[in-house]
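The values are calculated or read from the model by the stated rules, or taken from the named source; none is laboratory data. As the structure is a prediction and not an experimental result, all values here were calculated from the model. Every residue, glycine as well, gets a Cβ built from its backbone with ideal geometry; the counts of neighbours run over all protein chains shown. The area values use the complete protein model at the heavy-atom level, side chains included, leaving out ligands, DNA and RNA. Shrake-Rupley method; radii C 1.70, N 1.55, O 1.52, S 1.80 Å.
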Amino acid sequence: MKSAFSLSRLLAAVALTLTAFGAQAACLDNVVLVHGNTAYPSSWNNTVAELKSRGYVDSQLYRPSWGSKTNAGSNSHDSTNTGVVKSALQSALAASCTGKIDVIGHSMGVTLAMKAINELAYSGKVNSFIGVAGAQHGLNSCGVYPYNVWSATCGSAGLSIDSPLIVSVKNKRYGTKMYSIKSWMDEIVCMGSCYVWGSHTSNIDMQNASYDYALGHFGLQSYTTIKQADLILN
């Protein structure tokens, strides 16, 4: 009787060990999630929950924290903020079991991720790049450079139309597959107009596809998580 009990405990322990190993062993691209202006890594909680439901574990998900959390106008694509994102990209790639990573950005995090990928020459290392409510073509609310709104966010390293930053991220690849998720009722990106030089500013040059939702700027991040996960796993 004691022998049978011991055997059952041993088998249960082995089963738990195999289950834990299986949870760690799935070889998936590591994912870097870049939040927007004044946001926190926790703004990706819904996306993280969706990815974990599909087999990802915490160690495969990288959420850099960049910029001021209280002064949106002081944040730009400067070397400090870009450096934080570059470090996350480098760490994710170094630990990748596939040799590739996926990148999802929201809002200003989209263009910040683009700049970081450019500077690292990582476009060939990224499998899927997803821009959620980004502004690759600049913001009408920032004006046109150099007659832009006077703030770091809208300056030469910011999101004014035709700024040096905006020019530097146009017409480049950021991954093997590139997608945008956008809205025509985005209260941030579409302030003034969604259009910049005839295109919705959230569109990514040479994108494989774009997906439109009737959601606001922050809803696009929080409520398109199924699509986000589908795109990096397809």
Mind listing whichever residues of region 123-137 are surrounded by 21 or more Cβ atoms within 10 Å (Cβ to Cβ) and either small (Gly, Ala, Ser) or farther than 21 Å from Ser210 by Cβ (or both)?
-> Ser128, Gly131, Ala133, Gly134, Ala135
Restricting attention to region 66-84, which residues are surrounded by 14 or more Cβ atoms within 10 Å (Cβ to Cβ) and assigned to a loop (DSSP other than H, G, I, E, B)?
-> Trp66, Gly67, Asn75, Ser76, His77, Asp78
In the list Asp186, Asp212, Asp205, which residue meets the criterion of being surrounded by 17 or more Cβ atoms within 10 Å (Cβ to Cβ) and acidic (Asp, Glu)?
-> Asp186
Criterion: in contact with an Asp or Glu (Cβ under 8 Å, 6 or more places away or on another chain) and surrounded by fewer than 20 Cβ atoms within 10 Å (Cβ to Cβ) - qualifying residue of Ser87, Ser96 = Ser96
Which is open to solvent by 10 Å² or more (accessible area, probe 1.4 Å) and either among the polar types (S, T, N, Q) or modelled with pLDDT of 95 or more (or both), of Tyr179, Tyr174?
-> Tyr179
Can you pull out the residues in region 138-162 that are free of Cβ contacts under 8 Å to residues at least 60 places away in the same chain, in a loop (DSSP other than H, G, I, E, B), open to solvent by 20 Å² or more (accessible area, probe 1.4 Å) and out of contact with any Phe, Trp or Tyr (no Cβ under 6 Å at 6 or more places or on another chain)?
-> Tyr145, Pro146, Val149, Trp150, Ser156
Filter result for the condition that a residue is over 19 Å from Leu220 (Cα atoms) and either in a strand (DSSP E or B) or in contact (Cβ under 8 Å) with a residue 12 or more places away in the chain (or both), over Ala135, Ala116 | Ala116
Output the residue which, of all residues in region 99-121 that are surrounded by fewer than 23 Cβ atoms within 10 Å (Cβ to Cβ) and out of contact with any His (no Cβ under 6 Å at 6 or more places or on another chain), is nearest to Asp29 (Cα to Cα).
-> Lys100
Identify, please: which residue in region 163-209 is part of a strand (DSSP E or B) and among the aromatic types (Phe, Trp, Tyr) and is, among those, nearest to the chain's Cα centre (by Cα)?
-> Tyr179
